[in-house]
Every structure is written in C-alpha cells, then in structure tokens.
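A.B. asks: First the structure, which I've put down as structure tokens, then a few questions once you've had a look.
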Amino acid sequence: MGKHGKRIIYVASFVSLIFVLVLLLPIFLKFYIEHRSSLSTAFSEFPVTVNPKDKTITEDEKVNEFLANKHSLLGATVIESGNFLWNLFENVALSIANTPWYENTASVGSRFVTIQPGMRKEQVANTFGDTLKWNSKQKKEFITPIGSSTLPLAEGSFTPGLYSVMMGMTPGEAQAIINERFSDEVLAHYGTATQKIVPLNEALIIASLIQRETVSTDGMRLLSGIMWNRLFLGMNLQIDSTLQYAKANKSTVTSWWPKVVPNDKYISSPFNTYKYKGLPPTPIANPSVAAILAALNPINTSCLFYFNDKTGAFHCSDDYTEHVLQIKKYYGN
C-alpha cells in the first residue's frame, strides 16, 4: 500500500475516533448525572445564622468562609461549580445530544432536561413535557403530588439542575427523579436543629424570593439580610416578583413572569407582599441550593431597600430617600 493509501487510512481512523468520542460525550454526561450524589461536595448539614424568634443575624467567620468558596454549595451544590472546563464539556455534550442526528442514533432514547433556578412549577412541567412529548393532561399529572409520596411536589421542591431522562418516561417516574434530587440536595442536609430555627417551608419561600430578585449569586446573602430585616421590623416585604406570581395565576395572562405595573400593587392576592405583611403562603418559584443557603445565612446589614443596576450589580440603602437617590444615580431621572 502506498503512502497516499496509508494517509487515507490514518485520516479515516482519526475521523472515526473523533466521531466515537463525540457520541460518547452525552453518555459520559448521563453517567455523571446519575451518579452525581457520590461526587458532590461532602458536608453534613446546612449552616444557619439567622434566628427569626430572637430577630438576630449572627456573623460566623467559618460560615462566611465556607459560603464564599466557589466550590461550596453556594456555587451550585456540586463540584463542577465555577469550573470552566466542566461547563465547556457540559455545553458541548448538550449541544451534541440536542442535534436531530444524535437523537436518531442508538442513544437508547436518553434526553437531557434543565430546570433553571427560579422557574415556576408550570414552567418545569412544560420543560419536561416538551422533551418527553407529554400532553397537557400528563403535564398536570407531573405537578400533582402522588398520594403516597413523602415528598409532595409543591412549588419550591423542583431542584434546579440538569436531569437525564428517557423517552417514554411517565409523569410519575419524572416525579421520582425530582424527589430524589430534592431529597439528596436539600432534605438530607436540612437537620432537625435547622428545622426548629427556620422551618423548611419558610426557608424555601424566602429562597424563592431571593432567586427571583437577584441576577446572580453575588447579592443573594445581602438580599436575604434585607428581607429578614423587613420581617423583623414588621414591614411589608414589597417584592415585585410576588406581584408577578399573583398576576400570572390569572388565566388572562400569557407570561409566567409578566411585567409589573403600579396598579399591580393593589392585586387582591395573598401573594401580594405590598398589600399583606409577612411571607407569601408558598414559594413563588423553585430556588437553587445557593438561594436556600442564602436564606438561612443572611449578611448582617442595616439595609432595608435594594435594586439591581443595568449591569446586574446589587445596591442597597438604609432608608428610602437614599434608595431613590441611588436609583436616580444609576438609571437617571
């Protein structure tokens, strides 16, 4: 065989190897997702530095150091948090898995579904349903708790993240994998001592508000401190995202997170935190573990007002006058 023939064989072998590796990337990702619990950052229980009964927030250096670590659960709960190479691998694997030609290969009907932090349960149902080709009845079944379930799928317990699913998966089977993720990442670390200080449902409610009101994890703990300050003082929380939630519960609204207008502050809904004091009755979205940790471990601040500027940076003020001046500074008159 001549040099030209050998070169063709080498090139063909190389192309074949690359093709096989490309096919394997989604399989590696699927394997990781299914075994992620054993690869997650290990720790025992969520720390908690707020005490609603005493109306105090305690600064703890060890907790601050832990939560400031990009590889801690505040980042994303798992070891790939903040890892550029991991993010690159995941994006490439997902891109390959979502191509029609890959879906038609011998991938045994596996697919990937992502629950974004801050999604409502209906958005989660649509995301799973669109991938698994569910009808509207199946989507509704997916967000209806199974009678014997020890982890009812109410708003707030659809843990954000990447899930591996199989075509033909039933709503009940999908519930099971979500319940398992919530159990592994939240319940397993929510100790009885923490439960006595901040009941889980309250933590999920506050975490859902934090999730919807911040652009990134940077301002989560500061925003948590502001929310707790308002609760301690008996102030109305005045959270715009609760107005969005209440507004979207009406059948006439076409967006799950509609734009808030001044008149929305008068909406008659227990979720209207401009009209009613205290927490809304349930979470308004599904928070990340980062948001839950922020809810339990707020920054001890004197701030009562806040906003995000056009870059997403978080700003807070002690009084309303200063708050208005800050808004004018970043947004103009």
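The values are calculated or read from the model by the stated rules, or taken from the named source; none is laboratory data. What you see is a predicted model, and the numbers here were worked out from it, not measured in a lab. For neighbour counting, all protein chains shown are included, and Cβ atoms are generated from backbone atoms with ideal geometry for every residue, glycine included.
A.B. asks: Hey, among the residues in region 258-296 that are among the polar types (S, T, N, Q) and under 27 Å from Val124 (Cα atoms), which one's surrounded by the fewest Cβ atoms within 10 Å (Cβ to Cβ)?
C.D. replies: Ser268
A.B. asks: Follow-up. Go through region 221-243 residue by residue and tally those that are in contact (Cβ under 8 Å) with a residue 40 or more places away in the chain, under 19 Å from Arg120 (Cα atoms) and not small (Gly, Ala, Ser).
C.D. replies: 1
A.B. asks: State the number of residues belonging to region 277-333 that are in a helix (DSSP H, G or I), of a type in the set (S, T, N, Q) and at pLDDT 90 or above.
C.D. replies: 1
A.B. asks: Continuing with the same structure: Suppose we keep only residues that are among the β-branched types (Val, Ile, Thr) and surrounded by fewer than 22 Cβ atoms within 10 Å (Cβ to Cβ) within region 179-197. Which one would you say is farthest from Asp240 (Cα to Cα)?
C.D. replies: Of everything passing the filter in region 179-197, Thr192 is farthest from Asp240 (Cα to Cα).
A.B. asks: If the requirement is being within 14 Å of the chain's Cα centre (by Cα) and either outside any loop (DSSP other than H, G, I, E, B) or surrounded by fewer than 24 Cβ atoms within 10 Å (Cβ to Cβ) (or both), which of these qualifies: Leu237, Leu209?
C.D. replies: Exactly one residue qualifies, and that residue is Leu209.
A.B. asks: Has region 140-150 got at least one residue that is among the acidic types (Asp, Glu) and either at pLDDT below 90 or under 25 Å from Val289 (Cβ atoms) (or both)?
C.D. replies: no
A.B. asks: Can you tell me which residues in region 215-267 are touching a helix residue (DSSP H, G or I) at 6+ places or on another chain (Cβ under 7 Å) and closer than 23 Å to Asn51 by Cβ?
C.D. replies: Correct list: Met220, Arg221, Leu223, Ser224, Met227, Leu237, Ile239.
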